[in-house]
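Chemist: Sharing a structure here in structure tokens format.
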Amino acid sequence: MLSKHSSSRFSARSWSGLGSARAWRTTRNAALATLALLPAACSDFGPADGGLAGPGELGELAASETAEAAQQLTLPFPIDPRKSLIVTDVDIVSSFSLHLVLQRLINQSGVTGLTPLALFRQFMDTHRTAATGIFPVVPHCDDVPANTADIYPPGSTAPGEQPTGSINGWPVLCPRAVGDEAASDPFADPNADSAYMATTLSNRFDLAPSDGSNCGEYRIVFARRSGSPATNGFQRNFIIFEGRLPNPNPSLGRQACLPVVEFWLNQSDPAKSVTTRRNELLSFYFLGLPGFGFEPVFHIDHYGHAAGPDRGQIRTNEFLLGATPVVDAWSLREFRLIHGTSGSPSLKIVPSFVKDNPAARLFSPAASSDQRVSDFQGETFPEAVERLAAADDINRFAYPSALPDESNAGESLMMPLQNNYLNALGTGTSTLKSSIEAKLTAMGSTLTPDQIVGRAQTLACSGCHEPADSNGAPSSNFDVGLSTPFPNTLGFTHTSELKEPVDSSNPSGPQRFMISPALINVFLPFRQQVMTEYLLNNPILGFETPGAWTSPQFPLPLPLHTGRVREGISSLEIRNSVWVNEIISPSFSTSGLTPVGDKIKLDLFMPAVPADGLARYLHVLIEIPSAGISPPQAVGTRSLDTLARGAFNTVAFPQLPASILSALNAGPSDVKLTFKLTVPPNSGPYYMDNVRFEN
């Protein structure tokens, strides 16, 4: 967190225009360069609009100017969510085409003779049976028959609940009317019902993990032209390319993602025309940021070629019933783009399981000899309860790690009960429900097992696109244990084929595709916050750098937690096994924090355990060897006894001694903080976040 001050004698700078944006970037880099745990040479990055500064740029500001600018540091212009987080302007997205994307992927694969039409048809043909399929070289939906014991709910006679095929060992509806697309040509006439149009570009930097192993996901949505909730809602189909962008400098963690984040920030520059934004987005998706080592988003390795939870994917959102509907169900499916080698080129889009979408049968209390059910109910889900419960924000719902592959369903359904976890859990007692209750009781949570399973259901594709109650009916009051229910979608989608004016005061002016209330009111504000805090805050004092903080009481660096967080994407988790727990920072610099505030503050989450009459304290010590402040000197103690349980509290320490404050304002690079958490053993976990210096 950047140092905050009660007042300033410095004049505020004007941050408008490209020149000042460049000055802002330079100052931001100077302020944060010495705060990263791992050193980065400026020569690792090239100077360009939207990127890290080079050595010459850093030298343009004198030390006093850098300090002044750091004091005033804000974004050069506000982040506009409809420019920097999700782009649906028709004048921009119309320049992206499904044909161009498929052709680019084919070119990268080195396959000769393959056309976008052939690749598209083979992709759609996977929804057909082997008997009706057009292309024998692709997997078909009934290549592996469904195991009737896995069909949920058992004994149902509803056509939409009688899957005949299987993906990843779990049933899927087969065939699907989407398979009719294998005989169509979506490229012959761009205005035909069977054609696809780009509707949405999406910046998902918020999906970048805390270790910076990748820099997030960047998506494009293509919608079938025939489908519209206002005209023909039974002919809808969406194809979403969700490319994970590798980090070219993974040793630098998330800080190496800065050029990408600044690229998206600069899309909000009010000086940029629609034409400029369109050209820059085309370049980002098709060419990347080569000056910084970032590959284009459209790359054959970014869509699941290598298996794993952070390797990207292609997804479909299907409600295309065709002339003779086979089944009446809205299905979401996932695919991988796999390719060969330069010596043996190939390219296929193949069905895959849907990540973090466990099959509903895994929640059922019915007796089962299936090892997948035993493992899920005995270990996998109970181990996920604490992480699912430890979030007070819908945006932070998550599993502690990727679910085992064998748990994930072959599709995520909207209408039948095949993926309805609450229905499968039932209203009676069960071993799984008892395990969930025991976990919640141990952590002092007031949530119920149904609310925890409801949170899991919102993480599934179908649950996010349309939360449904235990009977399968879409619910506008889906209970996830928060003060507000899960937000409203557009009815099975978050994006739409319908348009609205970019400027509501000019109905006949430029148009854009509509997005859901959930995006507008809940998801986009969170993503904007993640982006802002990444650009402005201190990664060490904000606990955004894995492995940075250590403790002699623990053999490994203290872990980060992404559920209970006050700012940024993570906090520090302390599971105390002893009375006194030392929490030690790495060395950091205050050169970007000057003038330094005279009080140390932090946010501390107190576990919701019953009062036991035992005293709890937090002490802070500071060490600055270059200023002669060594060994660590105690600068404050605070009692924790009056803090609210089960919530974050701001803890403020006494005013720093003048000698230490003077040393901090000299900008040393060897500052270390040590917090001593004195609490009863095994009374945690506790969470620390957002350490800062404030007046």
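Chemist: Please work out if Gly592 is modelled with pLDDT under 95, on the phi > 0 side of the Ramachandran plot and not acidic (Asp, Glu).
Modeler: Numbers: modelled with pLDDT under 95: yes; on the phi > 0 side of the Ramachandran plot: no; not acidic (Asp, Glu): yes.
Against the criterion (modelled with pLDDT under 95, on the phi > 0 side of the Ramachandran plot and not acidic (Asp, Glu)), Gly592 does not qualify.
Chemist: Also, I was wondering about something else. Return yes or no: is Pro345 touching a residue at least 24 places away in the same chain (Cβ under 8 Å), open to solvent by 20 Å² or more (accessible area, probe 1.4 Å) and over 29 Å from Phe205 (Cα atoms)? Walk me through it before giving the result.
Modeler: Values: touching a residue at least 24 places away in the same chain (Cβ under 8 Å): yes; open to solvent by 20 Å² or more (accessible area, probe 1.4 Å): yes; over 29 Å from Phe205 (Cα atoms): yes.
Yes: the conditions hold for Pro345.
Chemist: Quick test for you: out of Ser591, Ser587, pick the one residue that is within 32 Å of the chain's Cα centre (by Cα) and open to solvent by 50 Å² or more (accessible area, probe 1.4 Å).
Modeler: Details: Ser591 fails: open to solvent by 50 Å² or more (accessible area, probe 1.4 Å).
The unique qualifying residue is Ser587.
Chemist: Considering only residues that are of a type in the set (Ser, Thr, Tyr) and free of Cβ contacts under 8 Å to residues at least 12 places away in the same chain, which ones fall in the stretch 140-155? Let's see the steps before the verdict.
Modeler: Of all residues in the stretch 140-155, those of a type in the set (Ser, Thr, Tyr) come to 148, 152.
Selection gives Thr148 alone.
Chemist: Given the residues Leu498, Leu519, which is the only one that is touching a residue at least 40 places away in the same chain (Cβ under 8 Å), over 30 Å from Pro681 (Cβ atoms) and assigned to a strand (DSSP E or B)?
Modeler: Values: Leu519 fails: assigned to a strand (DSSP E or B).
Answer to the selection: Leu498.
Chemist: Would you mind telling me which numbered condition in (1) open to solvent by less than 40 Å² (accessible area, probe 1.4 Å); (2) modelled with pLDDT under 95 Val137 fails?
Modeler: (1)
Chemist: Continuing with the same structure: What pairs can you find where one residue is in the stretch 207-225 and open to solvent by 10 Å² or more (accessible area, probe 1.4 Å), the other is part of a strand (DSSP E or B) and hydroxyl-bearing (Ser, Thr, Tyr), and their Cβ atoms are less than 9 Å apart, with a gap of 6+ or different chains?
Modeler: The qualifying pairs are Arg219/Thr200; Arg219/Ser202; Val221/Thr199; Val221/Thr200; Val221/Ser202; Val221/Thr495; Arg224/Tyr196; Arg225/Tyr196.
Chemist: For the stretch 321-336, state whether one or more residues are open to solvent by 20 Å² or more (accessible area, probe 1.4 Å), more than 20 Å from Asp125 (Cα to Cα) and not in a helix (DSSP H, G or I).
Modeler: no
Chemist: Out of the residues in the stretch 261-281 that are open to solvent by less than 40 Å² (accessible area, probe 1.4 Å) and farther than 22 Å from Glu533 by Cα, state the one that is nearest to the chain's Cα centre (by Cα).
Modeler: Initially, the stretch 261-281 is screened for residues open to solvent by less than 40 Å² (accessible area, probe 1.4 Å), giving 261-269, 272, 277, 281.
Adding the requirement that they be farther than 22 Å from Glu533 by Cα leaves 272, 277, 281.
Working: Lys272: 27, Arg277: 24, Leu281: 20 Å.
Taking the candidates together, the pick is Leu281.
Chemist: A further question on this structure: Across the stretch 103-146, which residue is farthest from Gln418 (Cα to Cα) among those that are assigned to a loop (DSSP other than H, G, I, E, B), under 34 Å from the mean Cα position of the chain (by Cα) and among the polar types (S, T, N, Q)?
Modeler: Thr115
Conditions (1) surrounded by fewer than 17 Cβ atoms within 10 Å (Cβ to Cβ); (2) free of Cβ contacts under 8 Å to residues at least 40 places away in the same chain; (3) on the phi < 0 side of the Ramachandran plot; (4) not in a loop (DSSP other than H, G, I, E, B), marked per residue:
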residue: Val350; (1), (2), (3), (4): yes, no, yes, yes
residue: Ala366; (1), (2), (3), (4): yes, no, yes, no
residue: Ser374; (1), (2), (3), (4): yes, yes, yes, yes
residue: Thr380; (1), (2), (3), (4): no, yes, yes, yes
residue: Gln418; (1), (2), (3), (4): no, no, yes, no
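Chemist: Residues being within 28 Å of the chain's Cα centre (by Cα) and buried (at least 20 other Cβ atoms within 10 Å of the Cβ): count how many of those fall in the stretch 568-582. Before the answer, list the steps.
Modeler: Restricting attention to the stretch 568-582, the residues satisfying the condition of being within 28 Å of the chain's Cα centre (by Cα) are 568-575.
Narrowing the set further to residues that are buried (at least 20 other Cβ atoms within 10 Å of the Cβ) leaves 568-574.
Summing the residues that are within 28 Å of the chain's Cα centre (by Cα) and buried (at least 20 other Cβ atoms within 10 Å of the Cβ) in the stretch 568-582 gives 7.
Chemist: Can you tell me which of Ala192, Ala188 is farther than 19 Å from Leu289 by Cα, at pLDDT below 95 and open to solvent by 10 Å² or more (accessible area, probe 1.4 Å)?
Modeler: Details: Ala188 fails: at pLDDT below 95.
The conditions single out Ala192.
The rows are residues; the columns are (1) out of contact with any His (no Cβ under 7 Å at 6 or more places or on another chain); (2) in a strand (DSSP E or B); (3) within 23 Å of Asp206 (Cβ to Cβ).
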site: Ala223; (1), (2), (3): yes, yes, no
site: Ile240; (1), (2), (3): yes, yes, yes
site: Gly253; (1), (2), (3): yes, no, yes
site: Glu262; (1), (2), (3): yes, no, yes
site: Ala271; (1), (2), (3): yes, no, no
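Chemist: Against the definition (outside any strand (DSSP E or B), touching a His at 6+ places or on another chain (Cβ under 6 Å) and aromatic (Phe, Trp, Tyr)), how does Phe187 come out, yes or no? Please lay out each step first, then the result.
Modeler: Values: outside any strand (DSSP E or B): yes; touching a His at 6+ places or on another chain (Cβ under 6 Å): yes; aromatic (Phe, Trp, Tyr): yes.
Here the answer is yes, as Phe187 does meet what is asked.
Chemist: OK, next. Looking only at residues that are open to solvent by 70 Å² or more (accessible area, probe 1.4 Å) and in contact (Cβ under 8 Å) with a residue 24 or more places away in the chain in the stretch 612-642, which one is nearest to Glu582 (Cα to Cα)? Show your work before the answer.
Modeler: As a first pass, look at the stretch 612-642 and keep what is open to solvent by 70 Å² or more (accessible area, probe 1.4 Å): 612-614, 617, 626, 631, 633-634, 638, 641-642.
Narrowing further to those that are in contact (Cβ under 8 Å) with a residue 24 or more places away in the chain: 612, 614, 617, 626, 633, 641.
Numbers: Asp612: 22, Leu614: 19, Tyr617: 12, Ser626: 22, Gln633: 14, Asp641: 19 Å.
Within the stretch 612-642, the match that is nearest to Glu582 (Cα to Cα) is Tyr617.
Chemist: Can you tell me which condition Ala230 does not meet? The list is (1) modelled with pLDDT under 95; (2) of a type outside the set (Ser, Thr, Tyr); (3) assigned to a strand (DSSP E or B), and all the others hold.
Modeler: Only one criterion in (1) modelled with pLDDT under 95; (2) of a type outside the set (Ser, Thr, Tyr); (3) assigned to a strand (DSSP E or B) is unmet by Ala230, namely (3).
The values are calculated or read from the model by the stated rules, or taken from the named source; none is laboratory data. Remember, predicted model here, so these are calculated numbers, not experimental data. All Cβ positions, even for glycine, are placed from backbone atoms using ideal geometry, and neighbour counts span all protein chains on display. Note: areas computed on protein heavy atoms with side chains; ligands, DNA, RNA excluded. Shrake-Rupley method; radii C 1.70, N 1.55, O 1.52, S 1.80 Å.
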